[in-house]
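**Student:** Take this structure, written in structure tokens, and hold onto it; I'll ask about it next.
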Amino acid sequence: MSLTVRYARGTHGHHRHRGRARSHRGLSATERMARLMTAISSRSHSPADDDLSQDEPDGIHPMAQMRAPPPEPPLVPTALMATDPATDPSILWAIAREEPELRRWLVANPAASPALLETISQLGGPGVRRALEVLLDEGKGNQSSLSS
């Protein structure tokens with residue numbers, strides 16, 4: 001019996017709410033959607049005539065973001081990149097962390113910071129010790145290690 005009462009109350013309240021919402025707005029959602037679709041289909045100009053930039057700052061169209069060029073492919077570190085003084089320091093650090101076989105070439109880069117050289121010496125790698133010896137010998141003005 002209590003289920004019947006609850007169901008009746010729920011139904012009664014629901015209909016009352018629908019009726020009030022409809023009278024408040026005047027149209028049901030279906031009727032409003034039908035009017036909107038009619039208004040859109042009876043436009044006198046084509047969608048191409050719309051000024052899409054009126055709501056967008058600086059004239060950026062929403063579709064322009066979708067037409068952006070693809071990102072550049074990832075960098076493939078090389079010995080030339082490791083020795084180039086114009087290479088960004090963040091790339092030099094990435095090479096030091098992730099490319100053990102290229103660390104010796106970083107030692108030859110005149111733009112390599114002392115902190116980077118210290119990190120390379122601690123990390124090691126193929127040829128790093130010899131490259132650091134050559135660098136230190138050059139710093140002392142001793143060229144004898146180059147001839148051997």
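The values are calculated or read from the model by the stated rules, or taken from the named source; none is laboratory data. Every value quoted in this text rests on a predicted model; they were computed, and no experiment measured them. So basically every Cβ, Gly included, is an ideal-geometry build from the backbone, and we count neighbours across all protein chains shown.
**Student:** Exactly one of (1) among the hydrophobic types (A, V, I, L, M, F, W, C); (2) surrounded by fewer than 10 Cβ atoms within 10 Å (Cβ to Cβ); (3) modelled with pLDDT of 95 or more is unmet by Met66. Its number?
**Tutor:** Among (1) among the hydrophobic types (A, V, I, L, M, F, W, C); (2) surrounded by fewer than 10 Cβ atoms within 10 Å (Cβ to Cβ); (3) modelled with pLDDT of 95 or more, Met66 violates only (3).
**Student:** Additional query: Are any of the residues in segment 70-84 over 30 Å from Pro126 (Cβ atoms) and either modelled with pLDDT under 50 or out of contact with any Pro (no Cβ under 9 Å at 6 or more places or on another chain) (or both)? Break it down stepwise before answering.
**Tutor:** In the first step, residues of segment 70-84 are kept if they are over 30 Å from Pro126 (Cβ atoms); the result is 70-71.
From the residues that got through so far, the ones that are either modelled with pLDDT under 50 or out of contact with any Pro (no Cβ under 9 Å at 6 or more places or on another chain) (or both) too are 70-71.
Yes - at least one qualifying residue is present in segment 70-84.
**Student:** Restricting attention to segment 85-97, which residues are assigned to a helix (DSSP H, G or I) and surrounded by 10 or more Cβ atoms within 10 Å (Cβ to Cβ)?
**Tutor:** Applying the first criterion (assigned to a helix (DSSP H, G or I)) to segment 85-97 yields 89-97.
Pro89, Ile91, Leu92, Trp93, Ala94, Ile95, Ala96, Arg97 - these are the residues of segment 85-97 that are assigned to a helix (DSSP H, G or I) and surrounded by 10 or more Cβ atoms within 10 Å (Cβ to Cβ).
**Student:** Considering segment 121-143 alone, what residues qualify as being of a type in the set (Gly, Ala, Ser) and in contact (Cβ under 8 Å) with a residue 12 or more places away in the chain?
**Tutor:** As a first pass, look at segment 121-143 and keep what is of a type in the set (Gly, Ala, Ser): 121, 124-125, 127, 131, 139, 141.
Answer for segment 121-143, where residues must be of a type in the set (Gly, Ala, Ser) and in contact (Cβ under 8 Å) with a residue 12 or more places away in the chain: Gly124, Gly125, Gly127, Ala131.
**Student:** Among the listed residues Ala111, Ala82, which satisfies the condition of being outside any helix (DSSP H, G or I) and of a type in the set (A, V, I, L, M)? Quick ask: steps written out before the conclusion?
**Tutor:** Details: Ala82 fails: outside any helix (DSSP H, G or I).
It is Ala111.
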